[in-house]
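Novice: Below: one structure in structure tokens.
The values are calculated or read from the model by the stated rules, or taken from the named source; none is laboratory data. Keep in mind that what you see is a predicted model, and the values were worked out from it rather than measured. Because the Cβ atoms are built from the backbone with ideal geometry, glycine has one as well, and the counts that use them run over all protein chains shown.
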Amino acid sequence: MKLLVTGGAGFIGSNFIHYILSNYPEDEILNFDNLTYAGNLSNLSDLEKEPRYRFFKGDISDSGAVDKALSLLPKIDAIVNFAAETHVDRSIVSAGSFVQTDVFGTHILLEAVKKNNIGRYIHISTDEVYGSIEKGSFTEESNLSPNSPYSASKAGGDLLVRAYFKTYNLPAIITRSSNNYGPLQYPEKIIPLFITNALQDKKLPL
């Protein structure tokens with residue numbers, strides 16, 4: 001398959017790219033990333049000479065950049081969208097950039113899928129769109145009840161994906177994972193933050 005992976009220089013996206021290229025030897029990936037503070041090409045430095053991997057710097061909310069990226073890898077089978085503003089604390093300080101990327105950027109990608117007849121759009125979301133719960137657990141049928149600008153912007157993107165699926169029969173899938181952690185995670189997140197603070201004898205913030 002030929003995949004356009006957005007946000008592929010980030011924590012989850014870069015791990016996904018490594019996984020695909022390691023396990024599917026016929027697959028090709030174009031990594032489309034704007035290289036904001038959480039995107040780091042060193043996460044993929046081992047792939048610089050991999051012929052099945054290419055990088056293109058661009059913003060998903062820029063339709064011209066998306067069109068140019070799609071022209072670099074003709075006959076793309078799927079777009080996998082990891083690109084997002086993701087940190088709750090940052091969203092409280094600057095909500096506008098979250099709306100721009102997570103909502104409008106999603107709209108641009110959905111339009112690209114529709115215009116180019118791409119076979120699949122996979123939208124990486126978050127469990128935070130469901131809000132808080134006193135006990136038990138959420139299901140895919142639970143109501144969306146976001147509590148921060150971050151989770152609200154992700155919920156907005158999710159609803160756009162659903163609308164394009166219903167209105168245009170666009171072949172889309174939404175995933176909502178919970179509390180991802182692991183190699184290459186940006187140290188603002190709780191586990192790497194606690195580890196790095198502990199190594200430096202700093203306080204562990206709650």
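Novice: Could you tell me which residue of the range 57-75 is farthest from the chain's Cα centre (by Cα), considering only residues that are assigned to a loop (DSSP other than H, G, I, E, B) and at pLDDT 95 or above?
Specialist: Here the answer is 62.
Novice: Let me ask you something else. Has the range 42-56 got at least one residue that is assigned to a strand (DSSP E or B) and either hydrophobic (A, V, I, L, M, F, W, C) or under 15 Å from the mean Cα position of the chain (by Cα) (or both)?
Specialist: Looking through the range 42-56, at least one residue is assigned to a strand (DSSP E or B) and either hydrophobic (A, V, I, L, M, F, W, C) or under 15 Å from the mean Cα position of the chain (by Cα) (or both).
Novice: While we're on this one: Give the residues of the range 89-138 that are among the aliphatic types (A, V, I, L, M), surrounded by 15 or more Cβ atoms within 10 Å (Cβ to Cβ) and either part of a helix (DSSP H, G or I) or in contact with a Gly (Cβ under 9 Å, 6 or more places away or on another chain) (or both), sorted by residue number.
Specialist: Selection gives 95, 99, 103, 108, 109, 110, 112, 113, 124, 129.
Novice: Within the bounds of the range 39-47, is there any residue that is touching a strand residue (DSSP E or B) at 6+ places or on another chain (Cβ under 6 Å) and in contact (Cβ under 8 Å) with a residue 40 or more places away in the chain?
Specialist: no
Novice: Moving to a separate point now. Checking residue 70 against (1) closer than 29 Å to residue 182 by Cα; (2) buried (at least 20 other Cβ atoms within 10 Å of the Cβ), only one condition comes out false. Which one?
Specialist: (1)
Novice: For residue 133, work out the one condition from (1) of a type in the set (A, V, I, L, M, F, W, C); (2) without any contact (Cβ under 8 Å) to a residue 12 or more places away in the chain; (3) within 14 Å of residue 6 (Cβ to Cβ) it doesn't fulfil.
Specialist: (3) is the only condition that residue 133 fails.
Novice: Quick one: residue 29 ticks every box in (1) surrounded by 20 or more Cβ atoms within 10 Å (Cβ to Cβ); (2) among the hydrophobic types (A, V, I, L, M, F, W, C); (3) in a loop (DSSP other than H, G, I, E, B) bar one, so which box is it?
Specialist: Tallying (1) surrounded by 20 or more Cβ atoms within 10 Å (Cβ to Cβ); (2) among the hydrophobic types (A, V, I, L, M, F, W, C); (3) in a loop (DSSP other than H, G, I, E, B), residue 29 fails exactly one: (3).
Novice: Could we say that residue 205 is within 23 Å of residue 5 (Cβ to Cβ), without any contact (Cβ under 8 Å) to a residue 40 or more places away in the chain and surrounded by fewer than 18 Cβ atoms within 10 Å (Cβ to Cβ) here?
Specialist: Here the answer is no, as residue 205 does not meet what is asked.
Novice: A follow-up question, please. For the range 153-187, give me each residue that is outside any strand (DSSP E or B), closer than 23 Å to residue 107 by Cα and either touching a residue at least 24 places away in the same chain (Cβ under 8 Å) or in contact with a Lys or Arg (Cβ under 9 Å, 6 or more places away or on another chain) (or both).
Specialist: Within the range 153-187, 153, 154, 155, 156, 157, 158, 160, 161, 164, 168, 170, 171 qualify.
Novice: Also, quick follow-up: So how many residues does the range 156-196 have that are aliphatic (A, V, I, L, M), within 24 Å of residue 43 (Cβ to Cβ) and crowded, with 16+ Cβ neighbours inside 10 Å?
Specialist: 2
Novice: Looking only at the range 47-67, which residues are more than 17 Å from residue 10 (Cα to Cα), surrounded by 14 or more Cβ atoms within 10 Å (Cβ to Cβ) and not small (Gly, Ala, Ser)?
Specialist: Across the range 47-67, the qualifying residues are 52, 62, 66, 67.
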